[in-house]
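A.B. asks: Once you've had a glance at the structure underneath, I'll fire off some questions.
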Amino acid sequence: MRSQPRSFDWRFVPIVVAVAVGASFIGRVTAGLFTPANQPTSFSVTAPESITYTTLDGSSRTLWLRGSRAPRLVLVLSVDCPVCEKNMANWKKLVAELDGVGEWQSDAIIALTTDPALVVREYLTRHELEVPVGLVDREVFLEMGVSAYPTTLIVQPEQELRAWAGLLTSVALKDIRAEAARSGLRLAQ
């Protein structure tokens, strides 16, 4: 006597999904990068002399952090980070205030990510954030002291990185603007 083939048991689908989501979260935490709580934290670290990144068109570039003549605004993001989504309006405000003002130059505002180029291009287009993008390895973030998405950094020449991790509140935005002004930047009025 042959047994009847078993039909698919849909009761196990939620369990499989939960395990997959949990594994994704654990993988991100063990990689050293995770989505933080909505409360921002600020910190300072010594900037590496430079970092190497790949542009969206595939060319390799060096971003000088120490020894550059101008400060830089660096946005660290991930396309699958819900707090990055919430932070987008604040980043757009900062970019609008700082883009083309004072000492800022073409690579003085940059977004860094470990995500694939095609996905990042679509993400930034959807959010209408027009900034150069650097694709980097996770090790670059560790060199910069970044351990969370999103992180907003002001890099001062010959000095340290000043960073804000998490969702930017009005207080954090005020701190970033003050830090930019201390760096010799004039903000758009």
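A.B. asks: Taking the condition of being among the aliphatic types (A, V, I, L, M) and under 9 Å from residue 157 (Cβ atoms), how many residues in the stretch 51-81 meet it?
C.D. replies: Of all residues in the stretch 51-81, those among the aliphatic types (A, V, I, L, M) come to 51, 56, 63, 65, 70, 73-77, 79.
Right, trim to under 9 Å from residue 157 (Cβ atoms) and you get 65, 70.
Count: 2.
A.B. asks: State the number of residues belonging to the stretch 54-93 that are more than 12 Å from residue 150 (Cβ to Cβ) and crowded, with 20+ Cβ neighbours inside 10 Å.
C.D. replies: The number of residues fulfilling the criteria is 6.
A.B. asks: Can you find, within the stretch 39-50, the residue that is surrounded by the most Cβ atoms within 10 Å (Cβ to Cβ) among those that are within 20 Å of residue 160 (Cβ to Cβ) and out of contact with any Asp or Glu (no Cβ under 7 Å at 6 or more places or on another chain)?
C.D. replies: It comes out as 40.
A.B. asks: How many residues does the stretch 135-189 contain that are in a strand (DSSP E or B), hydroxyl-bearing (Ser, Thr, Tyr) and modelled with pLDDT under 85?
C.D. replies: Here the count works out to 0.
A.B. asks: Show the residue pairs that are 6+ apart or on different chains and have beta-carbon atoms under 6 Å apart, the first residue being within the stretch 115-134 and assigned to a strand (DSSP E or B), the second being surrounded by 11 or more Cβ atoms within 10 Å (Cβ to Cβ).
C.D. replies: Note: pairs meeting the criteria are 133/56; 133/111; 133/120; 134/53; 134/110; 134/112.
A.B. asks: Continuing with the same structure: Given the conditions (1) surrounded by 14 or more Cβ atoms within 10 Å (Cβ to Cβ); (2) over 16 Å from the mean Cα position of the chain (by Cα), which single one is not true for residue 171?
C.D. replies: So residue 171 meets the others, but not (1).
A.B. asks: Looking only at the stretch 58-97, which residues are touching a residue at least 60 places away in the same chain (Cβ under 8 Å) and assigned to a loop (DSSP other than H, G, I, E, B)?
C.D. replies: As a first pass, look at the stretch 58-97 and keep what is touching a residue at least 60 places away in the same chain (Cβ under 8 Å): 61, 63, 65-78, 81, 83-84, 86-87, 90-91, 93-94, 96-97.
If the condition is that a residue be touching a residue at least 60 places away in the same chain (Cβ under 8 Å) and assigned to a loop (DSSP other than H, G, I, E, B), then 65, 66, 67, 68, 69, 70, 71, 77, 78, 81 are the ones that fit.
The values are calculated or read from the model by the stated rules, or taken from the named source; none is laboratory data. None of the values given here were measured: they were computed from a predicted structure. Every residue, glycine among them, receives a Cβ derived from its backbone with ideal geometry; neighbour counts consider all protein chains shown.
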